Amino acid sequence: MNLHEYQGKSILAKYGVPIQKGYAADTVEEAMTKYDQLAKEEDSPFAVIKAQIHAGGRGKGGGVKLAKNRAEAKEHITNILGMQLKTPQTPGGMEGAGKQVNKILVAEDAYAPDFDACKEYYVSILLDRARQQNVIIHSVKGGMDIEAVAEETPELVHKTYIDPELGLQGFDAREVAFNLGLSGLAFKNMTKFIYKLYAAYLGADAALIEINPTLHNADDEIIAVDCKFSVDANALYRHKDIAEMRDTTEEDATEVEAQGYGLNFVNLDGNVGCMVNGAGLAMATMDIIKLSGGEPANFLDVGGTADAERVEKAFRMILRDDKVEAILINIFGGIVRCDRVAQGVIDAYKNIGDIKVPIIVRLQGTNAEMAKEMIDNSGLNVRSAVTLQDAADVVKSVLKTA
Ligand code: GDP
Ligand code: MN
């Protein structure tokens, strides 16, 4: 689960990681109140106005602006709140529709008073699955796209792997500070920064923490200016406070809805919708869709109880996607009986009414023959298939674009 920058920073602060101070707001009025408060606390009219969306590269799209006074702050806040922010990371990139900004962070100007003396580094912590170790990726080339840095100057991207038995050691933190070319107070502050950041990563069951830029200011302080924070959703049960930070408006609406019904749904780009029970069978079904010349429009595991209500909900979600040219239902009747699923499909079909795309149903297992007969005699635009190959062939025959 992804968090907003201001939420990630609030977790970092709990672990003692120095952060760029700031306050989040939903409206222009609230943001101006926060601005006034911050200006007073910092004794400076400078502030950075930052759009809060689940995507990076906001600066490139005009979602991060430095204000030198109150009037500029108001102007930036008014412009950014509610805007459709396009960044290289929002859907469709800079050419796409962007994401609406519903929240804003009013932050101190962490680069003051000596902007020119500031350095920006890249620091992230994540799990390297192949090595089964957490890794601290770091670079002196901060404040820019790390993929581009890795492409153009791979020698400037360093990785420090953490031994899972030993945990983060002093020499690991010092290696990071050394690779970043630091000495003296900055070296010391960076090792502390890494210690605390790693504690936050472990403590919050994070999947990723990326601080880009990590600021090295004129006073040799090391400060988290940006914060991309992603937590392991499977561990949320033990982090009630973090679970409450979920912002479903940032997630795919259909996927959020599916979770509410207990369906495991992932939106994809293809033209064949699929409805399957069991994740493994769903993967196999997506493979046969590809073999038939189609592309899966979604991954959908309806779970053990493929009853009429769930089938209908699943149907409606798939049909909302106008790229869908056919729907393949592939159910193995182990616990659930095939005739019940068939009845579910028929009932759902009748309830929804005007389904225009062809539906191919493959039911195997308990009462499969009875189910096939029910489908074949239903008089609906539903075709049954017996083997996976049959199913693939029928899908192929109905696709316009295969
Ligand atoms: P991103 O574009 O989504 O990655 O957002 P960031 O939080 O990284 O901000 C983008 C850029 O704005 C940073 O790389 C900095 O150069 C700049 N920036 C962020 N905070 C400050 C600040 O406090 N003062 C100044 N002068 N620039 C800032
Ligand atoms: Mn950034």
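The values are calculated or read from the model by the stated rules, or taken from the named source; none is laboratory data. Please read these numbers as outputs of a predicted model, since none were measured by experiment. Cβ: placed from backbone, ideal geometry, glycine included. Neighbour counts: every protein chain shown. Ligands, DNA and RNA are excluded from the accessible area calculation, which covers all protein heavy atoms including side chains. Shrake-Rupley method; radii C 1.70, N 1.55, O 1.52, S 1.80 Å.
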Along principal axes, Cα extents of the stretch 253-401, largest first, whole Å: 34, 34, 31
What net charge is computed for the residues neighbouring Tyr201, neighbours being all others with C-beta under 11 Å from the C-beta of Tyr201, Lys and Arg scored +1, Asp and Glu -1? -2
Quick check: the angle from helix 308-319's long axis to the longest principal axis of the chain, C-alpha only, nearest 10 degrees? 60 degrees
Over the Cα atoms of the stretch 250-341, each weighted equally, I'd like the Debye log10 I(q)/I(0) at q = 0.18, 0.19, 0.22, 0.24 Å⁻¹, rounded to two decimals. -0.73, -0.82, -1.08, -1.26
Principal-axis tilt of helix 28-42 within the chain, Cα atoms, nearest 10 degrees: 30 degrees
Restricting to lysine pairs 8 or more places apart or on different chains, what number in the stretch 22-94 have Cα atoms under 17 Å apart? 14
With Glu147 itself left out, Lys, Arg at +1 and Asp, Glu at -1 over residues whose Cβ is under 13 Å from its Cβ give -3
Do you know the relative contact order of the chain, to the nearest whole percent, from alpha carbon pairs under 8 angstrom that are 6+ apart? 12 percent
Quick check for you: with a 1.4 Å probe and neighbouring chains kept, what is the accessible area per residue of the stretch 247-330, in Å²? 41 Å²
Using DSSP to call loops (not H, G, I, E or B), can you name the trypsin sites (Lys or Arg not before Pro) in the stretch 28-137 whose Cβ has at most 13 other Cβ atoms within 10 angstrom? Lys68, Arg129, Arg131
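Using a 1.4 Å probe on the protein heavy atoms, what percent of the accessible area of the stretch 253-401 belongs to carbon and sulfur?
Working: 3470 of 6820 Å².
For the stretch 253-401, the apolar C and S fraction of the accessible surface comes to 51 percent.
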Sum of -39500 (n - 2.57) over DSSP H runs of 4+, divided by residues of the chain (222 nm, nearest 500): -11000 deg cm²/dmol
Taking the Cα centre as origin and putting +1 on Lys and Arg beta-carbons and -1 on Asp and Glu beta-carbons, what dipole magnitude results for the chain, to the nearest 20 debye? 380 debye
Taking only pairs that are 8 or more places apart or on different chains, how many Lys pairs in the stretch 253-401 have Cα atoms under 24 angstrom apart? 17
Using the heavy atoms of the protein chains alone and a 1.4 angstrom probe, what is the accessible area of the stretch 15-69 per residue in square angstrom? 45 Å²
Given the options Met32, Met374, Met275, state which has the largest fluctuation in a GNM of the chain using a 10 Å cut-off (strictly under) for Cα springs. Met374
Nonlocal amide H pairs with Asn134, under 5 Å, H built at 1.01 Å: Asp128, Ile162
Please return the longest stretch of the chain lacking exposed loop sites, where chymotrypsin sites (Phe, Trp or Tyr not before Pro) count only if DSSP places them in a loop and at most 16 other Cβ atoms lie within 10 Å. 16-260
Taking the Cα atoms of the chain, report the difference between the largest and smallest coordinate on each principal axis, in whole Å and largest first. 79, 50, 40
With everything on Cα atoms, drop me the angle between helix 5-14 and the longest principal axis of the chain, reported from 0 to 90° to the nearest 10. 60 degrees
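Hey, got a sec? Which trypsin sites (Lys or Arg not before Pro) in the stretch 338-402 land in a DSSP loop and have at most 12 other Cβ atoms within 10 Å? Walk me through the numbers on the way to the answer.
On the way: sites: Arg340, Lys350, Lys356, Arg362, Lys372, Arg383, Lys396, Lys400; in loops: Lys356, Lys400.
Qualifying residues, ordered by number: Lys356, Lys400.
So for His158, His76, His138, what's the accessible-area order with a 1.4 Å probe, most first?
Reading off the accessible areas and sorting them downward yields His158, His76, His138.
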